Number of protein chains: 2
Amino acid sequence: MNQLDPLDIEILRLLQKDASLTNKEIAFEIRKSIATIHDRVRKLHENGVIKRVVAILDRKKINRKLIAFAHVLLNDHTVNTLNQFEQEVIKFPEVMECLQMSGSFDFILRVATYDMDTYHDFYRNKLAMLPNINTVQSFFVLSEAKSDTAYPLG
Amino acid sequence: MNQLDPLDIEILRLLQKDASLTNKEIAFEIRKSIATIHDRVRKLHENGVIKRVVAILDRKKINRKLIAFAHVLLNDHTVNTLNQFEQEVIKFPEVMECLQMSGSFDFILRVATYDMDTYHDFYRNKLAMLPNINTVQSFFVLSEAKSDTAYPLG
DNA sequence: TTTGAAAAGGAAACTGG
DNA sequence: CCAGTTTCCTTTTCAAA
């Protein structure tokens with residue numbers, strides 16, 4: 001796959017912020033022809049640089065009022081234990097992210113629930129029921145000063 | 001603003017996964033007319049339920065190979081200190097998220113850099129230069145078993 | 001609300017420069 | 001990388017149920 005040039009970077013910068021921009025609008029913005037933009041965007045999709053285009057919802061308007069980060073430590077770190085945990089935990093719809101981490105615990109989970117009651121229910125009846133859980137520490141989001149899906153570029 | 005009905009939920013479920021679906025495709029999927037879908041989607045935008053539509057990039061293909069979570073504890077918790085920290089830290093392009101948290105530290109930062117060297121540079125020359133930083137603990141993503149922007153619905 | 005159908009506009013796929 | 005053209009598809013609008 002070819003490296004990204006400054007034009008690709010410009011296009012990606014715009015599409016990361018607003019993917020509903022038309023090729024025409026992008027072309028105007030960065031002073032290139034529509035055909036060029038069309039070509040570049042197609043290639044960025046084909047090369048998998050753009051993985052997908054998604055709608056970002058206002059979580060308060062869909063009643064997902066509580067976001068928690070759960071730090072999970074497992075009892076052991078055999079491949080089996082790690083794989084099994086991942087396979088099971090990603091099935092829970094409340095779990096938006098499951099990241100294996102370096103450091104004093106094994107996984108960070110980002111969990112979205114309605115409120116503290118439903119988080120508690122998730123914690124007791126779903127997460128803590130999985131095998132090989134050693135400890136779970138939960139932290140709750142009080143406010144979001146920045147919440148971007150866009151990676152820094154260039 | 002009106003409550004979401006099951007039809008809205010169905011539409012949002014699809015658009016959270018793939019916002020490049022056309023109204024026609026959505027209409028076919030959930031057996032409604034194109035005009036109905038068009039109307040619903042327009043209202044979901046107007047009401048702010050859909051905040052925006054964005055392109056999600058493959059971070060490895062844009063060379064953002066390292067994702068770190070930094071847990072930041074400040075020296076005090078006056079409104080001024082908290083506000084000042086937020087205002088400054090969100091200016092760093094490396095910081096994708098800045099969330100104030102309950103618990104044993106004040107903020108979680110999600111930081112995207114090229115590699116450990118550039119993270120170290122960010123840490124020493126940007127983050128640690130801010131006033132009123134007490135402690136920073138950094139954790140690094142080893143692997144992503146699940147990485148969704150979609151909230152659970154319904 | 002929902003619908004089908006017509007009008008307007010953009011995307012896709014080509015040409016050739 | 002650009003301009004133009006043609007075809008196709010989608011969005012948008014609207015009258016009616």
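What separates the B:ASP39 label point from its copies, with the point 7 Å along Cα to Cβ, is 4.4 nm, written shortest first. Compared with the direct C-alpha span, the chain from A:LYS65 to A:LYS51 gains 2.3 nm at full extension, assuming 0.36 nm per residue. Please state the shape class of chain B: rounded when a/c is under 1.5, otherwise prolate if a/b exceeds b/c and oblate if not, all from the C-alpha gyration tensor. It comes out prolate by the Cα gyration axes. I'd like the distance between the alpha-carbon centres of segment A:77-119 and segment A:1-44, rounded to an integer number of Å. Result: 36 Å between the Cα centres. Label points for B:SER102 are taken 7 Å from Cα along Cα→Cβ. From this copy to the others they lie 3.2 nm apart, shortest first.
So what's the back-of-envelope 222 nm ellipticity for chain B, counting only DSSP H runs of four-plus at -39500 (n - 2.57) apiece and dividing by all residues, rounded to 500?
Roughly -10500 deg cm²/dmol at 222 nm, from the helical runs in chain B.
The length gained on full extension between A:GLU29 and A:ASN83, counted as 0.36 nm times the residue separation minus their Cα-Cα distance, comes to 14.8 nm. Counting other Cβ atoms within 10 Å as a rough exposure proxy, the listed residues B:THR135, A:THR36 run B:THR135, A:THR36 from fewest neighbours to most.
Between identical copies, the spacing of A:GLY154 label points, each set 7 Å from Cα toward the C-beta atom, reads 4.3 nm from nearest to farthest. In this structure, A:LYS17 and B:SER102 have a Cβ-Cβ separation that, at R0 = 25 Å, corresponds to a calculated FRET efficiency of about 0.25.
Number of Lys-Lys pairs in chain A with C-alpha atoms under 26 Å apart and a separation of 8 or more places or on different chains: 25.
Read the figures in this text as sums done on the coordinates, not as results from a lab. Predicted model, so just to flag it, every value in this text is computed and none were measured. Methodologically, a virtual Cβ is constructed for each residue, glycine included, from the backbone with ideal geometry; neighbour enumeration extends over all protein chains shown.
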